[in-house]
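Undergrad: Right, I'll just put the structure down here and ask away after.
The values are calculated or read from the model by the stated rules, or taken from the named source; none is laboratory data. Remember, it's a predicted structure, so these values are computed and weren't measured experimentally. For neighbour counting, all protein chains shown are included, and Cβ atoms are generated from backbone atoms with ideal geometry for every residue, glycine included. Just so you know, the surface numbers come from the protein's heavy atoms only, side chains and all, with ligands and any DNA or RNA stripped out. Shrake-Rupley method; radii C 1.70, N 1.55, O 1.52, S 1.80 Å.
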Amino acid sequence: MSILSYRFFRCIPRLRSITLSSRQSSTSTIDPAEINRFRQLSSAWWNETGEYAALHSLNQLRIPFIREQLLQSLSKTNDPIKPLKDFKLLDIGCGGGILTEPLVRLGASVLGIDAVSENISTAEFHADPILKKDLNYKHVTLEELSENAEQIEKYDGIIASEVLEHINNVDGFIGNVSKLLKPKGLCFITTLNQTMASYFLGIIAAEYVFRLVPPGTHSWNKFIRPSDLITLFDKNGFTVLLNNGMFYNPLTNRWSWSDNKIINYALCAIKN
Amino acid sequence: MRQLLLLRRSLIAVRFSSYSTSSKATISHDLPNTSIPTENVDITIAGGGLVGSAMALAFASSPIFKNHKIVLLESQSKLPKVSKNQSYSNRVCALNAQSINLFEKLGTWDLMKSIRVQKVSRMQSCLLERLKQFNIEPRLNSRVKSFENEENSIRIKLQDEKINLRTGLLIAADGYQSSIREMARIPTMQWNYDQFGIVATLQLADNMPDNIVAWQRFLPTGPVACLPLSNTHSSLVWTVPKSMHKTLMNLSDEQFVDEVNKAFTSDVYKKNGIISITERLRSYWQQVIPVSSTLLQYPPVIINIQPKSRAAFPLSLLNSNQYVAPRLVLVGDSAHRIHPMAGQGVNMGFGDIVCLMKILEQAVRDGADFSSLTYLVDYERQRQLQCLARLLSIDSLNRLYSTKFSPIVALRSVGLSFVNEFSPLKKFFAKQAAYSS
């Protein structure tokens with residue numbers, strides 16, 4: 001089990017347990033306590049050496065992965081600074097926007113969605129004003145989004161990074177992704193494998209021995225094997241283009257590609 | 001040994017110390033003093049010396065950073081002006097291959113007339129001339145008084161309090177006594193030696209059209225080196241024990257010239273016992289491997305030194321434990337300093353620039369904020385490794401020369417004569433010196 005996931009899971013109970021200070025300003029329309037809280041949450045999400053350090057450093061791997069795959073299959077411009085100009089992307093489970101903002105900086109127009117409304121407010125609070133034109137956040141689930149007729153076949157790329165391990169019905173999830181993707185659109189996944197290694201490191205060691213995350217936050221049954229994921233993609237009308245292992249070194253906080261998919265892996269599939 | 005342990009600790013500590021920006025992130029947006037206007041810039045470089053101006057030029061000429069606002073601060077009130085008839089200043093440096101490559105990329109190599117050994121003042125004026133083409137002028141009399149991290153920037157107060165800067169990234173190129181490093185409370189490690197480096201500009205006896213070879217002799221008191229400047233002048237770098245430097249500095253110019261010639265040619269500075277061992281070895285090696293004729297070179301004969309060009313520096317090494325902090329980067333001497341030996345220090349500074357630019361451009365390509373700490377840490381890791389290795393090798397070389405313990409003195413003489421006789425090895429060492437940064 002990677003440090004990434006400890007950090008990821010650790011955040012969820014913590015985010016919910018923070019209580020609001022009830023003092024309110026009577027003259028302002030915006031609750032200053034609320035603003036202060038989002039400021040704190042935002043600096044927690046965006047502290048590159050804090051809880052989410054592994055998600056920040058994962059960008060060094062996943063951004064080039066997403067960028068190169070998108071450019072290879074449907075190159076639109078030759079702009080070296082904004083290579084993803086004119087691409088419409090959807091970031092599922094965007095959290096504080098760690099992956100969303102860089103994609104906008106590369107020129108893409110991105111919608112970030114998250115099931116936790118606090119994450120959306122936090123991401124909106126942090127968003128750089130320069131990026132706002134192409135950056136949208138919405139508190140909505142993928143199911144709800146896929147029922148919206150405007151959203152059907154709208155996106156060139158859909159990203160679900162470190163999200164699949166929380167999903168009950170992966171088959172339905174991929175079906176909804178397929179609805180929202182344009183034909184020949186790409187779907188990017190990074191997630192955890194269902195192996196003995198992820199069971200012992202992620203569940204036993206992290207939850208019961210070292211108590212890095214509260215017991216019960218992980219459900220190993222929800223982790224999915226690459227081979228099963230590929231089958232589900234095939235079934236939903238996708239062709240898997242790439243499937244690589246990822247290795248995290250917690251001492252240096254750096255990720256690297258690996259032949260070994262035993263714990264973390266990434267996958268890219270194209271809609272037929 | 002203790003120093004070695006300390007050194008190891010600083011290597012290990014490279015990235016276990018955590019940064020906290022969050023504590024300051026809740027500070028209110030109130031201006032500390034509303035009467036001082038604030039200017040928003042992307043990158044601020046503090047220090048308009050060689051490394052600082054080359055850094056500014058690297059940003060200005062990068063296609064990735066061309067739309068960013070760059071500010072170069074210089075605390076002095078004047079910049080060096082160079083005229084053709086100016087006498088040679090005592091500061092020169094021999095550029096290595098990486099630095100030359102950098103200047104080619106920055107478009108200043110032609111301005112520098114493609115000469116490997118450069119006077120500092122001329123390099124400086126070439127860099128400033130090129131900066132002017134990008135509409136960047138150093139802001140004179142601008143010293144950073146204080147700075148603090150804000151949510152997405154650093155706020156800088158300047159000494160003259162005319163304007164505050166809000167910058168995305170602050171680059172400290174303000175020398176080995178960096179006040180910015182001190183304000184950021186970044187600890188350093190320092191080695192001091194009982195040695196001095198004496199530098200001077202020498203006038204050669206003959207007009208040597210092929211005065212292109214750097215010349216070095218290893219004496220028990222320390223190495224003496226001569227770097228070509230022009231057909232008639234060379235630059236001297238002579239390492240001597242503390243006890244010797246005062247005597248040499250108090251000599252008249254004529255007497256000093258005599259001492260330099262002696263150091264180049266005579267055996268007064270060598271120990272007799274050692275000489276005989278190395279001589280015996282030399283003849284042995286000559287039987288095994290014929291000496292390449294190109295290596296037989298006579299040391300230059302000195303007739304005069306440029307008035308007032310003689311200066312002495314205490315030898316010391318300094319390494320900053322961290323090269324980066326949130327939105328702050330140290331480059332050049334503010335991060336690491338070696339004694340002024342043939343400008344090796346400035347080559348390390350140029351190496352910093354090459355590395356930092358590569359990493360910041362990668363950050364932008366990955367869509368990250370260019371001041372992202374995740375990427376800055378990559379710069380620190382790569383440079384600490386390079387610079388510490390270099391500092392350590394210089395440190396051990398110095399130790400080799402500061403001992404009087406006879407077996408070690410014998411060994412080092414033998415070792416160096418081995419290097420001297422075995423030509424491919426010598427070439428290898430020369431190559432290493434040229435390519436390492």
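Undergrad: Quick one: give the max-minus-min coordinate of the C-alpha atoms of region A:100-226 along each principal axis, largest first, in Å.
TA: Computed over region A:100-226, the largest-to-smallest principal extents equal 47, 32, 25 Å.
Undergrad: So how do A:T77, B:T44, B:T247 rank on accessible area, 1.4 Å probe, biggest first, that is with the largest at the start? Before the final figure, lay out each step's value.
TA: Working: A:T77 35, B:T44 0, B:T247 85 Å².
Most to least solvent-accessible, the answer reads B:T247, A:T77, B:T44.
Undergrad: Also, I was wondering about something else. Once label points are set 7 Å from the Cα along Cα→Cβ at both A:N136 and B:E129, what is their separation, rounded to one decimal in nm?
TA: 5.5
Undergrad: Same structure again: Residue by residue through region B:380-392, what is 3J(HN,Hα) from phi via Karplus (6.51 cos²θ - 1.76 cosθ + 1.60, θ = phi - 60°)? Round to whole Hz and write x for glycine and proline.
TA: 4, 4, 5, 6, 4, 4, 5, 6, 5, 4, 5, 4, 5
Undergrad: Averaging sequence separations of C-alpha pairs under 8 Å and six or more residues apart, then dividing by the length of chain A, give the relative contact order as a whole percent. Don't skip to the answer; put the middle values down first.
TA: On the way: 485 pairs, mean separation 49.1, N = 272.
Rounded, it is 18 percent for chain A.
Undergrad: Could I ask something else about it? From the phi angles alone, apply the Karplus equation (6.51, -1.76, 1.60; θ = phi - 60°) to region B:97-112 and give each ³J(HN,Hα) in whole Hz, x where the residue is Gly or Pro.
TA: Once rounded to whole Hz, the list reads 4, 5, 5, 4, 4, 4, 5, 5, 5, 7, x, 10, 5, 5, 4, 7.
Undergrad: Now, a different point. Could you work out the local net charge near B:G351, counting Lys and Arg as +1, Asp and Glu as -1, over the other residues with Cβ closer than 10 Å to its Cβ? Before the final figure, lay out the partial values.
TA: Numbers: positive: B:R383, B:R390; negative: B:D352.
With Lys, Arg at +1 and Asp, Glu at -1, the net is +1.
Undergrad: With all protein chains present and a 1.4 Å probe, how do A:W257, A:W45, B:W215 order by accessible area, largest first? List each step's numbers first, then the result.
TA: Values: A:W257 105, A:W45 10, B:W215 35 Å².
Solvent-accessible surface, decreasing: A:W257, B:W215, A:W45.
Undergrad: Any idea how far the Cα center of region B:348-375 sits from the one of region B:150-194, in Å?
TA: So the two Cα centres are separated by 19 Å.
Undergrad: Check cross-link reach from B:K66 to the aspartates and glutamates: straight Cα distance under 16 Å, and skip same-chain residues fewer than eight apart.
TA: Output for B:K66: A:D79, B:D42, B:E137, B:E361, B:D369.
Undergrad: Classify region A:56-110: rounded, prolate or oblate, from the alpha-carbon gyration tensor (a ≥ b ≥ c, eigenvalue square roots; a/c under 1.5 rounded; otherwise prolate if a/b is larger than b/c)? Walk me through the numbers before you get to the answer.
TA: Numbers: a/c = 1.82, a/b = 1.53, b/c = 1.19.
Cα axes put region A:56-110 in the prolate bin.
Undergrad: Run the helix sum for chain A: -39,500 (n - 2.57) per DSSP H stretch of 4+ residues, divided by residue count, reported at 222 nm to the nearest 500 deg cm²/dmol. Let's see the in-between values first.
TA: On the way: 8 runs with 93 residues, N = 272.
Mean residue ellipticity at 222 nm (helix-derived): -10500 deg cm²/dmol.
Undergrad: How big is region A:3-271 in terms of Cα radius of gyration and Dmax, in angstroms?
TA: Cα-based Rg and Dmax for region A:3-271 come out at 18.6, 59 Å.
Undergrad: Here is a further query. Can you list the residues, at least 5 places off or on another chain, whose amide H is less than 5 Å from the amide H of B:G48, using H built in the peptide plane?
TA: HN-HN under 5 Å from B:G48: B:S75.
Undergrad: Determine the residues within region A:32-48 where the difference in accessible area between the chain on its own and the full set of protein chains amounts to at least 10 Å²; count protein heavy atoms only and use a 1.4 Å probe.
TA: Going by heavy-atom accessible area, the residues of region A:32-48 that drop by at least 10 Å² are A:N36, A:R39, A:Q40, A:S43, A:N47, A:E48.
Undergrad: In region B:99-207, which trypsin sites (Lys or Arg not before Pro) are in a loop and have at most 16 other Cβ atoms within 10 Å, using DSSP for the loop call? Walk me through the numbers on the way to the answer.
TA: Working: sites: B:K105, B:K113, B:R116, B:K119, B:R122, B:R130, B:K132, B:R139, B:R143, B:K145, B:R155, B:K157, B:K162, B:R166, B:R181, B:R185; in loops: B:K113, B:R116, B:R143, B:K162, B:R185.
Here the sparse-neighbourhood loop sites are B:K113, B:R143, B:K162, B:R185.
Undergrad: Give the residue from A:N249, A:I113, A:W220 lying farthest towards the positive end of the charge dipole for chain A; charges sit on Cβ (+1 for Lys and Arg, -1 for Asp and Glu) and the dipole is referred to the Cα centre.
TA: A:N249
Undergrad: Let me ask another. Picking from A:I203, A:N78, A:A127, whose Cα lies most toward the positive end of the charge dipole for region A:3-271 (charges on Cβ: Lys, Arg +1; Asp, Glu -1)?
TA: Towards the positive end, the residue furthest out is A:N78.
Undergrad: Between B:K162 and B:W215, what FRET efficiency comes out of the Förster formula 1/(1 + (r/R0)^6) with R0 = 41 Å and r the beta carbon distance, rounded to 0.05? Present the calculation step by step, with values, prior to reporting the outcome.
TA: On the way: r = 50 Å, r/R0 = 1.23.
Calculated value: 0.25.
Undergrad: Moving on. What dipole magnitude, in Debye to the nearest 20, does chain A give about its Cα centre under +1 on Lys/Arg Cβ and -1 on Asp/Glu Cβ? If you can, show how the numbers build up before the last one.
TA: Values: 28 positive and 27 negative charges, 65 e Å.
With Lys and Arg at +1 and Asp and Glu at -1, about 320 debye.
Undergrad: Please give the residues from region B:342-385 for which the solvent-accessible area of heavy atoms, probe 1.4 Å, is smaller by at least 30 Å² with all protein chains in place than with the chain isolated.
TA: B:R365, B:D366, B:G367, B:L373, B:T374, B:Y375, B:R381
Undergrad: What's the local net charge at A:L106, with K and R +1, D and E -1, over the other residues with C-beta under 11 Å away?
TA: Working: positive: A:R67, A:K82, A:K85, A:R105, B:R365; negative: A:D79, A:E101, A:D134, B:D366.
It works out to a net charge of +1.
Undergrad: Here's something else I'd like to know. Estimate for me the total accessible surface buried between chains A and B (protein heavy atoms, probe 1.4 Å, no ligands or nucleic acids), in Å² to the nearest 100. Walk me through the numbers on the way to the answer.
TA: Details: alone 12860 and 22150 Å², together 33130 Å².
Adding both sides of the contact gives about 1900 Å².
Undergrad: Can you give the mean number of other chain Cβ atoms that lie within 10 Å of the Cβ atoms in peptide A:99-112?
TA: 2
Undergrad: Another question about this same structure. Using only Cα atoms, locate the centre of region A:135-187 and the centre of region A:231-260, then give the distance between them in Å, rounded to an integer.
TA: Cα centres, region A:135-187 to region A:231-260: 19 Å.
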